[in-house]
Amino acid sequence: QVQLVESGGGLVQAGGSLRLACAASGRTFTNYHMAWFRQAPGREREFVAAINWSGGSINYADSVKARFTISRDNTINTVYLQMNSLKPEDTAVYYCAGRYQFTSRRLYDYDNWGQGTQVTVSS
């Protein structure tokens, strides 16, 4: 099993930026596809971005496209989410998730999750 630990959340004003990181340890990171999801209070967990093992295939939710960038550094087993031009509606707990075999935008395709990191955007 791969263990996932998120970091980098916090409080930021609207228009600001944050970079989240998700560090993986344990079982091999090779061929491990990663994604970010988020969950706001009272709402379902939703897809944010996904990246395949090589970084050659990336997908974003429409709500974050052109503002967020997902990337990974396989030399240190870490995936990042750079969030720019943050809006109050981006406030949520952000989770990284991973799986082997293929990437997906679907919540239930992922069998491994981090504990989450809180992002709060003030207006």
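Restricted to the stretch 47-60, and to residues there that are touching a strand residue (DSSP E or B) at 6+ places or on another chain (Cβ under 6 Å) and without any contact (Cβ under 8 Å) to a residue 24 or more places away in the chain, the residue that is nearest to residue 106 (Cα to Cα) is 60. Only one of the numbered conditions (1) touching a Leu at 6+ places or on another chain (Cβ under 8 Å); (2) modelled with pLDDT under 95; (3) of a type in the set (A, V, I, L, M) is not met by residue 83, and that is (2).
Checking the stretch 76-95 against the condition returns a match, with at least one residue being open to solvent by less than 70 Å² (accessible area, probe 1.4 Å) and out of contact with any strand residue (DSSP E or B) (no Cβ under 8 Å at 6 or more places or on another chain). The set of residues in the stretch 1-41 being modelled with pLDDT of 95 or more, more than 13 Å from residue 97 (Cβ to Cβ) and open to solvent by 70 Å² or more (accessible area, probe 1.4 Å) consists of 11, 13, 19.
For the stretch 57-75, a residue qualifies if it is loosely packed, with under 14 Cβ neighbours inside 10 Å and among the aliphatic types (A, V, I, L, M), and exactly one does: 66.
Report yes if some residue within the stretch 43-58 is modelled with pLDDT of 95 or more and in contact with a Gly (Cβ under 8 Å, 6 or more places away or on another chain); otherwise report no. No, the stretch 43-58 contains no residue that is modelled with pLDDT of 95 or more and in contact with a Gly (Cβ under 8 Å, 6 or more places away or on another chain).
A quick yes/no check of all residues on (1) closer than 14 Å to residue 22 by Cβ; (2) among the hydrophobic types (A, V, I, L, M, F, W, C); (3) at pLDDT below 95; (4) touching a Pro at 6+ places or on another chain (Cβ under 9 Å):
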residue	(1), (2), (3), (4)
88	no, no, no, no
101	no, no, yes, no
105	no, no, no, no
118	no, no, no, no
121	no, yes, no, yes
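The values are calculated or read from the model by the stated rules, or taken from the named source; none is laboratory data. These numbers come from a predicted model, not from an experiment. Cβ: placed from backbone, ideal geometry, glycine included. Neighbour counts: every protein chain shown. Side chains are part of the model used for accessible areas, which takes the heavy atoms of the whole protein and leaves out ligands, DNA and RNA. Shrake-Rupley method; radii C 1.70, N 1.55, O 1.52, S 1.80 Å.
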